[in-house]
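Here's the structure, in structure tokens; my notes come after.
The values are calculated or read from the model by the stated rules, or taken from the named source; none is laboratory data. This is a predicted model, so every value here is computed, not measured. Glycine gets a Cβ as well: all are built from the backbone with ideal geometry, and neighbour counts include every protein chain shown.
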Amino acid sequence: MAIDTFAALLTRAGQLGPRRLAVVAADSPSALEAASEAVSGGMVTAILIGSPERIRALIGEHALAPLADARIVAAETGAEAAARAAELAAAGEADLLLKGALRTDELLHAVLDRARGLRTGRLLSDVLLYEDTLAGVPRLVGVTDGGLNPAPTPEQLAAIASNAVAVFHALGFSRPRVALLSATEAVHEALPSTVWAAELAGRAAGGQVAGLQQADVAGPLALDNALLESAARAKGITGPVAGRADIMVLPNIEAGNVLGKAVKYLAGSITAHVVVGARMPVLIPSRVESAQDKLHSIALGAVVAAS
């Protein structure tokens, strides 16, 4: 059965048994709180990388008993913590990485270092989940890529879509519905994203795109007719994706980032996101995200790691 709500995601992550989570630059109260909840829920065991003194002080200050016996790996800077995390992952001692009190680029620089062997040849991209309620019942919908790829080429958009489909396969969706978004469902030469979307949808329908053979892909679609069946019907748009998209692929990082923040801060949804394309899931939540959001990201990463 597909995991279609965050409650189901937390349950499934616990059922899959503990994965090994490395918290990078772990002197972050919200990251530690999320890791503590994940340990308590049986989702992960924790490896805490950073200043042992600061980490132990935060564990005591915030009464995070599940982390009392966690392994601590010493590192004094964010860059050093990222390097230690990448080394642990390369050695098979960590299944997923969670960003703590360091910059995203510091963590990704270590992950992408060819000497550590964590690259797979795939493009890295960020997949965000939120609970959509437009149909009257909550369901998980993906938004990609609002975090890593500023101006993806058509081939990179295909890779971004394929990465998101892999995440939804891990969630138990046998054939995810992928909407390639633009400002309109009509193809206009003056709006390149509509041209690219139409071309990619056609190639996917012909089975020509690796990773999209087990998905339904449509585009270009506007946001309303991707998510609302009534909007799709009003415009005469048919097909399995129309009004029922599971994944929304945005044409650039600005659109993806704004939409991801809108569902969080304007719609008030819990969110979770995971970077895929490396040998293990990488979690790069913003330092302003809540411990609750980070817990859901850990659960998502654990489920993806298990797949």
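What to note about this one:
- Residue among G50, G42 that alone is surrounded by 24 or more Cβ atoms within 10 Å (Cβ to Cβ), among the small types (G, A, S) and either in contact with a Pro (Cβ under 8 Å, 6 or more places away or on another chain) or closer than 22 Å to T77 by Cα (or both): G50
- Residues of segment 257-302 satisfying the condition of being hydrophobic (A, V, I, L, M, F, W, C), touching a residue at least 24 places away in the same chain (Cβ under 8 Å) and over 22 Å from A86 (Cβ atoms): V258, L259, V263, A267, I270, A272, A291, L295, A299
- Residues being more than 13 Å from L21 (Cα to Cα) and either over 11 Å from the mean Cα position of the chain (by Cα) or part of a strand (DSSP E or B) (or both) - total across segment 278-307: 11
- Pair list, Cβ < 6 Å and 6+ apart or interchain, from segment 126-142 residues that are in contact (Cβ under 8 Å) with a residue 12 or more places away in the chain and part of a loop (DSSP other than H, G, I, E, B) to residues that are hydroxyl-bearing (S, T, Y) and surrounded by fewer than 17 Cβ atoms within 10 Å (Cβ to Cβ): P138/T5
- Enumerated helices (runs of 4 or more DSSP H) restricted to segment 1-114, each holding at least 1 residues that are closer than 21 Å to L128 by Cβ, hydroxyl-bearing (S, T, Y) and modelled with pLDDT under 95: 104-112
- Of all the listed residues (A151, A190), the sole one being more than 30 Å from A83 (Cβ to Cβ) and out of contact with any Pro (no Cβ under 8 Å at 6 or more places or on another chain) is A190.
- Matching residues in segment 225-252 - criterion: being surrounded by fewer than 19 Cβ atoms within 10 Å (Cβ to Cβ), assigned to a loop (DSSP other than H, G, I, E, B) and of a type outside the set (D, E, K, R): L228, G236, I237, T238, G239, P240, N252
- Any hit, segment 203-224, residues being in contact (Cβ under 8 Å) with a residue 60 or more places away in the chain and not in a loop (DSSP other than H, G, I, E, B): no
- In segment 156-163 there is at least one residue matching the filter, namely being without any contact (Cβ under 8 Å) to a residue 60 or more places away in the chain and either of a type in the set (S, T, Y) or outside the structural domain of A234 (by TED's automatic domain parsing) (or both).
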